[in-house]
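Okay, structure first, notes after.
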Amino acid sequence: MELIINLLQFFVTLLGFCLSGIRYLRHRTLSYFLLICFYGCFALGSLYWTLYLLLFSETPRIFYVSEFGWVSSVIFLYLLQYTLSSPEERSFSCRKSLLAPLIGVPLCAFYCTFGDILSNLIWCGMMIVLSYCAIRGLVYANGQTGAARNMRWFHIGVLCFASSEYLLWTAGCFWPDTSPASPTFWCDMLLTLAILGLLPATRKAVEA
């Protein structure tokens, strides 16, 4: 089932790569280029992991190859988040955004007891930054009128992505099995849907 999940995730990210590429060719905007990079890096990470599972029927021993692709994809997602936000949004003060470190830091400490410390620090650190900016942007967008309110869909999409990652990591700590009876399987499926949802969310943000 892990092979099937990873194949599905690869094809979804490949689809996102192609569709965002088409939109970039039409509009020539930096936002769609960054989205291409996000999907492309995530797809390459998933491709390596999937091919290893397919050829050797086991989880890659040197997982940093896929990790590099996935980390790069999140960096591009943050750059997209920064590009789409306005200077007013970035300077907006919002106490609710403190929920990001309040949730992320304890989870990071918990994950470090199960796996590689450096990897967990990097991943959780990036999720905290994404979540912090998304919560702040969502509160700011809800206070706007007209097309500017469309930015809230992008911030919701980023929050869904970060939340799905947290859910997947937490489920994996308790249920490492990837069968359909395991919560890990459904959390992985939820992450795949969240990744796909970033494309229409970005389109709405670009049109804002």
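Specify the residue with the greatest mean-square fluctuation among 51, 79, 167, computed from a Gaussian network of the chain linking alpha-carbon atoms under 10 Å apart.
51
How many nm separate the modelled label positions at residue 116 and residue 142, each set 7 Å beyond the Cα in the direction of the Cβ?
With each label point 7 Å from Cα toward Cβ, the separation is 3.8 nm.
How would the stretch 140-208 be classified by its alpha-carbon gyration tensor: rounded, prolate or oblate, with rounded meaning a/c under 1.5 and the a/b versus b/c comparison settling the rest? Before the final figure, lay out the partial values.
Values: a/c = 5.06, a/b = 2.84, b/c = 1.79.
It is prolate, given that a/c is not under 1.5 and a/b is the larger ratio.
Return the single residue from 190, 77, 53 with maximal mean-square fluctuation; model: Gaussian network over the chain, springs between Cα atoms under 10 Å.
Comparing 190, 77, 53 in a Gaussian network model of the chain, the most mobile one is 53.
With only Lys, Arg, Asp and Glu charged, each at its Cβ (+1 for the first two, -1 for the last two), find how big the charge dipole of the stretch 1-145 is about the Cα centre; round to the nearest 20 debye. Walk me through the intermediate numbers first.
Working: 8 positive and 6 negative charges, 103 e Å.
Roughly 500 debye, rounded to the nearest 20.
From Cα pairs below 8 angstrom and at least 6 apart in sequence, can you work out the relative contact order of the stretch 1-107, rounded to a whole percent?
Details: 93 pairs, mean separation 28.4, N = 107.
Result for the stretch 1-107 is 27 percent.
Span-like helices, the chain: DSSP H, alpha-carbon axial extent 27 Å or more, mean Kyte-Doolittle -1.0 or greater, which ones? Before the final figure, lay out the partial values.
Working: long enough: 2-27 (37 Å, 1.11); 30-56 (39 Å, 1.76); 64-84 (30 Å, 1.08); 117-142 (37 Å, 1.41); 151-174 (35 Å, 0.90); 183-207 (36 Å, 0.88).
For the chain, where a helix must reach 27 Å along its axis and average at least -1.0, the hits are 2-27, 30-56, 64-84, 117-142, 151-174, 183-207.
Can you bin the chain into rounded, prolate or oblate? Criterion: square roots of the alpha carbon gyration tensor eigenvalues sorted a ≥ b ≥ c, rounded for a/c under 1.5, prolate for a/b above b/c, oblate for the rest.
Note, shape of the chain comes out oblate.
Does the stretch 93-208 come out rounded, prolate or oblate, given a ≥ b ≥ c as the square roots of the eigenvalues of its C-alpha gyration tensor, rounded meaning a/c under 1.5 and, failing that, prolate meaning a/b above b/c? Before the final figure, lay out the partial values.
Numbers: a/c = 2.98, a/b = 1.56, b/c = 1.90.
Verdict is oblate for the stretch 93-208.
Grab the DSSP H runs of the chain that are 4 residues or longer, score each as -39,500 (n - 2.57), total them, divide by all residues and round the 222 nm result to the nearest 500 deg cm²/dmol. Each step should come with its number before you reach the end.
Working: 8 runs with 167 residues, N = 208.
Calculated from helices alone, the mean residue ellipticity at 222 nm is -28000 deg cm²/dmol.
Computed from the coordinates by the stated procedures, all read-outs in this text should not be read as laboratory data. These figures come from a predicted structure and were not determined experimentally. All Cβ positions, even for glycine, are placed from backbone atoms using ideal geometry, and neighbour counts span all protein chains on display.
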